[in-house]
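Visitor: Can you read through this structure? Questions will come right after.
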Amino acid sequence: MQTGAEPADLADVRITNLAVVLRHVRAHAPCSRADIAAATGLNKATVSSLVADLIDRRLLRETGLTENRIGRPATMLVLDGEPYAAIGIEVSADQLSVVAVDLGGTELLNWRRAFTGQGGTGTRAVSSIAALANRAIGRLAAQGRGVLGLTVGVPGLIDDAGTVRGAPSLGWRDLALGAELRRALRDPAFEVVVENDANLAVLAEHRHGPYAGTANLVHLAAGAGIGAGVVADGRLLRGGRGFAGEIGHLCLDPGGPRCPCGRQGCLEALAGIPALVRRVLADSTQDGPVTDFAPELERVRTRARQGDRRALEVLAEAGRHLGHAAAILGNLVNPEVVLLGGYFVVLAPWLLPAAEAELTARTVAPDAGGTRLAASALGPGAAAVGGAARALAMVDAGRLPPAPPT
């Protein structure tokens with residue numbers, strides 16, 4: 001006797017198999033239906049049906065025949081995805097970054113806009129983010145593309161509902177950013193997600209960076225604050241409520257300087273970008289708090305290149321604190337690589353030597369447990385790339401768009 005659950009179960013199996021085929025083509029294109037069947041264990045008739053479905057959805061396309069193989073020429077398949085795009089937005093204290101990519105990860109747009117996150121109201125922030133999102137959506141619509149998803153990265157504690165429970169570097173608390181954005185965008189058909197920026201940055205590293213596919217990977221995202229995105233055994237480490245990775249508020253010196261979170265001696269207060277700028281550039285706050293870090297960091301880098309003693313001492317001290325934090329990560333989760341990201345990339349040549357020495361000295365396992373330190377190749381804006389990558393990952397996991405109208 002047939003039960004009511006069976007059709008749903010069969011539908012779930014088909015969705016899973018569609019995702020299997022799509023992921024295989026992403027990794028091995030161009031490939032044939034026979035190649036997919038041989039690699040996945042699905043029978044040829046099933047693969048043909050799945051491929052036809054994916055072609056109807058404009059996720060795959062045929063790209064001619066190849067004769068460089070034994071037997072009959074085969075029709076080869078590649079990713080299509082021309083009607084689709086994924087959007088990621090990164091919110092930082094001094095700018096908004098937006099990136100859009102197609103199904104294959106090819107960049108369609110990459111914009112940055114000035115933004116005063118510190119001291120601004122939540123309402124104003126939502127308006128600015130929504131305006132940038134709408135502009136990107138409009139540009140993609142003009143290209144004939146629909147949006148698969150929008151993910152916004154914020155430096156702070158984000159709950160499952162997309163509420164920013166706390167973002168000390170922005171001065172935000174209990175801002176229902178996800179709900180407000182959906183309202184500002186008039187409840188779009190695509191998913192709108194708010195996520196921690198460091199989590200998105202490490203997803204970008206894991207999918208696109210030089211260390212893509214590394215099973216145990218950490219990205220230290222540096223803006224006005226410091227966050228850690230952690231991939232452990234190939235999966236993002238989010239914690240019980242999604243609050244993992246707040247390494248910037250790890251207390252390294254109880255008698256140290258006060259942190260924006262209200263505590264003392266946090267990593268952010270010792271090695272964060274605002275702290276570095278203040279210590280190297282005594283005049284940086286003459287006209288008020290720094291709200292645009294890029295010019296000030298260029299001044300710090302220039303002084304370091306010129307051998308300025310104060311700059312070199314401050315950077316070496318910050319590097320030691322970062323190495324201390326990396327050693328704690330090494331002892332707890334033993335990552336293969338810890339990447340200095342965000343604005344740390346600019347200063348990495350002077351931060352890394354001291355950080356590497358401290359990592360080795362403080363890690364219990366020999367040879368730092370195999371953990372290496374390196375500068376991120378993605379730089380500022382990695383969270384925006386990761387936001388777009390998150391939407392693509394949802395497609396790879398089986399959340400497929402419907403077939404577009406003919």
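The values are calculated or read from the model by the stated rules, or taken from the named source; none is laboratory data. If you're wondering where the values come from, they're calculated on a predicted model, not measured in any experiment. FYI the Cβ positions are ideal-geometry reconstructions off the backbone, even for glycines, and counts take in every protein chain you see. Accessible surface is based on the protein model in full, side chains and every heavy atom, while ligands, DNA and RNA are left aside. Shrake-Rupley method; radii C 1.70, N 1.55, O 1.52, S 1.80 Å.
Visitor: Look through Ala100, Ala93, Ala85 and report the one residue that is under 23 Å from the mean Cα position of the chain (by Cα) and modelled with pLDDT under 90.
Guide: Of the residues listed, the single one that is under 23 Å from the mean Cα position of the chain (by Cα) and modelled with pLDDT under 90 is Ala93.
Visitor: Determine if the range 346-368 includes at least one residue that is in contact with a helix residue (DSSP H, G or I) (Cβ under 7 Å, 6 or more places away or on another chain), assigned to a loop (DSSP other than H, G, I, E, B) and in contact (Cβ under 8 Å) with a residue 40 or more places away in the chain.
Guide: no
Visitor: Go through the range 369-402 and count every residue that is in a loop (DSSP other than H, G, I, E, B) and more than 14 Å from the chain's Cα centre (by Cα).
Guide: 7
Visitor: May I pose another question? In this structure, does Pro83 turn out to be open to solvent by 40 Å² or more (accessible area, probe 1.4 Å) and either of a type in the set (S, T, N, Q) or in contact with a strand residue (DSSP E or B) (Cβ under 7 Å, 6 or more places away or on another chain) (or both)?
Guide: No, not satisfied.
Visitor: Taking Arg310 as the residue in question, decide whether it is basic (Lys, Arg), touching a Phe, Trp or Tyr at 6+ places or on another chain (Cβ under 9 Å) and at pLDDT 95 or above.
Guide: no
Visitor: Is it the case that Ala382 is closer than 23 Å to Asn199 by Cβ and open to solvent by less than 30 Å² (accessible area, probe 1.4 Å)?
Guide: Against the criterion (closer than 23 Å to Asn199 by Cβ and open to solvent by less than 30 Å² (accessible area, probe 1.4 Å)), Ala382 qualifies.
Visitor: Tell me, yes or no, whether the range 356-373 has at least one residue that is modelled with pLDDT of 95 or more and in contact with a Phe, Trp or Tyr (Cβ under 8 Å, 6 or more places away or on another chain).
Guide: No.
Visitor: Which of the residues spanning the range 91-111 are part of a loop (DSSP other than H, G, I, E, B) and free of Cβ contacts under 8 Å to residues at least 24 places away in the same chain?
Guide: Thr106
Visitor: Can you go through Ala52, Ala45, Ala8, Ala37 and tell me which one is open to solvent by 50 Å² or more (accessible area, probe 1.4 Å), at pLDDT 95 or above and in a helix (DSSP H, G or I)?
Guide: Within the list Ala52, Ala45, Ala8, Ala37, the selection yields Ala45.
Visitor: Do we have any residue at all in the range 215-224 that's open to solvent by 10 Å² or more (accessible area, probe 1.4 Å) and modelled with pLDDT of 95 or more?
Guide: Looking through the range 215-224, at least one residue is open to solvent by 10 Å² or more (accessible area, probe 1.4 Å) and modelled with pLDDT of 95 or more.
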